[in-house]
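Inspection log for the structure reproduced underneath, given as structure tokens.
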Amino acid sequence: MLTHMKAKELNCALQNVPTETVSQAAEMLRTLAHPMRLKIVDALNTAGELPVSSITDYLEITQSATSQHLNHMRRIGLIRSERRGKEVWYSIADPRPIMLLNCICNCCRHEAVDS
């Protein structure tokens, strides 16, 4: 039986988290809500760091599309870039997407076992 509770009685997980932190988390989730960006996180997590050309080959999309995804992720601090000669290399700057990726992968494993 559901009971009506006052908002102050709910004791929600985000109740004591600053609004700015919740906003940052929402921005991170919006950014990662794209299949190509999740694949980029997975590739960088696996390899440690990769040049744009390798990421483009892995995603099988144009270099300009890859760069747009990378730039968006870099702007919000999820990944970092480093120029090495003519190439730009990328790596994970914020480990939180890795936790999300692991959660997604674990959920998929549980679904396969439950089927």
Report task. Working only within region 82-106, note down all residues that are in contact (Cβ under 8 Å) with a residue 40 or more places away in the chain and among the basic types (Lys, Arg). Result -> Arg96
Query raised in the report: Going through region 58-71 one residue at a time, which ones are loosely packed, with under 14 Cβ neighbours inside 10 Å and of a type outside the set (Ser, Thr, Tyr)?
Result: Glu60, Gln63, Ala65, Gln68, Asn71
Requested in this report: For Pro51, work out the one condition from (1) closer than 20 Å to Asn102 by Cα; (2) surrounded by 13 or more Cβ atoms within 10 Å (Cβ to Cβ); (3) not polar (S, T, N, Q) it doesn't fulfil.
Outcome: (1)
Report task. Give the residues of region 70-81 that are out of contact with any Leu (no Cβ under 8 Å at 6 or more places or on another chain), in contact (Cβ under 8 Å) with a residue 24 or more places away in the chain and of a type outside the set (Val, Ile, Thr), sorted by residue number. Result -> Leu70, His72, Met73
Query raised in the report: Pick from Arg83, Arg75, Arg30, Arg37: which is modelled with pLDDT of 90 or more and either buried (at least 16 other Cβ atoms within 10 Å of the Cβ) or touching a Cys at 6+ places or on another chain (Cβ under 8 Å) (or both)?
Result: Arg37
Requested in this report: Identify, from the list Ala13, Ala65, Ala25, the residue that is under 19 Å from Ile104 (Cα atoms) and among the small types (Gly, Ala, Ser).
Outcome: Ala25
Query raised in the report: With respect to Val22, is the statement that it is more than 12 Å from the chain's Cα centre (by Cα) and not aromatic (Phe, Trp, Tyr) true?
Result: yes
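The values are calculated or read from the model by the stated rules, or taken from the named source; none is laboratory data. Here the structure is a predicted model, which is why all the values come from computation and not from measurement. So basically every Cβ, Gly included, is an ideal-geometry build from the backbone, and we count neighbours across all protein chains shown.
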